Amino acid sequence: NRDNVKSQDANLTINGADSLKRAGTAYLLAVGVNQYANPLFNLRFAVADATDFAAELKQRQESLNRYERIQVVSLTDERATKAAILIALTDIAAQAQPEDAVVVYFAGHGTAEQNQFYLIPHDLGYSGARNQVTEAGLKLVLSRSISDRELERAFEAINAEQLLLVIDACNSGQALEAAEKRRGPMNSKGLAQLAYEKGMYVLTASQSYQAAIEPEDLKHGLLTYTLIEEGLKRAAADAEPKDGTIVLREWLNYASNRVPQLQRERMRQAGQRKFVLAYVEGEERLLKAEQRNVQRPRVFYRRELESQPFVILGAAQKQ
């Protein structure tokens, strides 16, 4: 209601004619930015993250035979502008229907300011040094970026059965550091409210104070690696319960728990080789891996279980 208080859900089942049945469409918008307009902000694996995420999810949904069509929209590097991303979301909103699924994935820089989180597109507007961003420069970047409030407005117009937003902006600490070092996407009220009001899932990768985590040997950001390489390709996310099927909630929970575990493992392995691996500036002085900070993703979703969960991996459905 106007006081932002939600009542208990009321369920009503209506059986329509067979002629009304529609298989539905799965829309996948994958955004990845390696090459920024300011090359000092370039990344290494964001495009690979976005490309592999979309390809793997497309393949899994095609094998499930749940949707009649899988439509992938890919925006990478110079094509991943603020205008292009918002237009793509508007186009999906105009097409999506209640039987559909909409998945939006972003890999690139992000930052937090005034309790808002921002996705930083290719055309960030700032041309200066990466570690010398002035207040005026920050304002310019924020005006060119996509805030969580803009995302909320974009998703409000989407009416689909399944909604997922994944933000692998785990390099935000190397982009534009917020004044409060421990504020980041996992604390964004806008994303949490968006998830609750739309009944959607939102997975964010890290906090703004953390350094870039793009391991050379993995060729991916840690979040996408755990989602795709471990979670789906090795079916490691099949655990709650282990039944040969991975639903969305299960998949995202696996990644959010696995990322810090994987990072600790890599710290210990480095220690065994007499090398100190730290992901937060200054923590290289801490000798024990357990004393250092790790990347902690966060999942936002409504707590009540869905009657029709979004299946990511499993047996094909009969038409």
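Taken over the stretch 147-162, the criterion of being among the aliphatic types (A, V, I, L, M) and surrounded by fewer than 23 Cβ atoms within 10 Å (Cβ to Cβ) is satisfied by Ala154, Ala157, Ile158.
Within the stretch 23-42, the residues that satisfy the criterion of being open to solvent by 80 Å² or more (accessible area, probe 1.4 Å) and either in a loop (DSSP other than H, G, I, E, B) or touching a residue at least 60 places away in the same chain (Cβ under 8 Å) (or both) are Gln35, Leu40.
For the stretch 292-319, a residue qualifies if it is of a type in the set (S, T, N, Q) and either surrounded by 11 or more Cβ atoms within 10 Å (Cβ to Cβ) or at pLDDT 75 or above (or both), and the qualifying residues are Asn293, Gln295, Ser307, Gln308, Gln317. Do the conditions hold for Asp148, that is, is it touching a His at 6+ places or on another chain (Cβ under 7 Å) and charged (D, E, K, R)? Answer is no for this residue. The set of residues in the stretch 202-229 being at pLDDT 80 or above and buried (at least 22 other Cβ atoms within 10 Å of the Cβ) consists of Val202, Leu203, Thr204, Ala205, His220, Gly221, Leu222, Leu223, Thr224, Tyr225, Thr226, Leu227. The set of residues in the stretch 49-83 that are of a type in the set (Gly, Ala, Ser) and either modelled with pLDDT under 95 or out of contact with any His (no Cβ under 9 Å at 6 or more places or on another chain) (or both) comprises Ala50, Ala54, Ala55, Ser63, Ser74, Ala83.
Within the stretch 82-112, if we keep just the residues that are in contact with a Ser or Thr (Cβ under 8 Å, 6 or more places away or on another chain) and closer than 19 Å to Arg149 by Cβ, the residue that is most open to solvent (accessible area, probe 1.4 Å) turns out to be Lys82.
Going through the stretch 43-72 one residue at a time, which ones are in contact (Cβ under 8 Å) with a residue 24 or more places away in the chain and aliphatic (A, V, I, L, M)?
Going residue by residue through the stretch 43-72, those that are in contact (Cβ under 8 Å) with a residue 24 or more places away in the chain are 43-54, 56-58, 60-61, 63-72.
Correct list: Leu43, Ala46, Val47, Ala48, Ala50, Ala54, Leu57, Leu64, Ile70, Val72.
Considering the stretch 113-142, the residues that are touching a Gly at 6+ places or on another chain (Cβ under 7 Å) and farther than 20 Å from Val202 by Cβ include one that is surrounded by the fewest Cβ atoms within 10 Å (Cβ to Cβ), namely Gly128. Please determine whether any residue of the stretch 74-81 is open to solvent by 10 Å² or more (accessible area, probe 1.4 Å), assigned to a strand (DSSP E or B), among the small types (Gly, Ala, Ser) and touching a strand residue (DSSP E or B) at 6+ places or on another chain (Cβ under 8 Å). There is at least one residue in the stretch 74-81 that is open to solvent by 10 Å² or more (accessible area, probe 1.4 Å), assigned to a strand (DSSP E or B), among the small types (Gly, Ala, Ser) and touching a strand residue (DSSP E or B) at 6+ places or on another chain (Cβ under 8 Å).
The values are calculated or read from the model by the stated rules, or taken from the named source; none is laboratory data. Note that the structure is predicted; figures quoted are calculated from it, not measured. Neighbour counts run over all protein chains shown; Cβ positions are idealised from the backbone, glycine included. The area values use the complete protein model at the heavy-atom level, side chains included, leaving out ligands, DNA and RNA. Shrake-Rupley method; radii C 1.70, N 1.55, O 1.52, S 1.80 Å.
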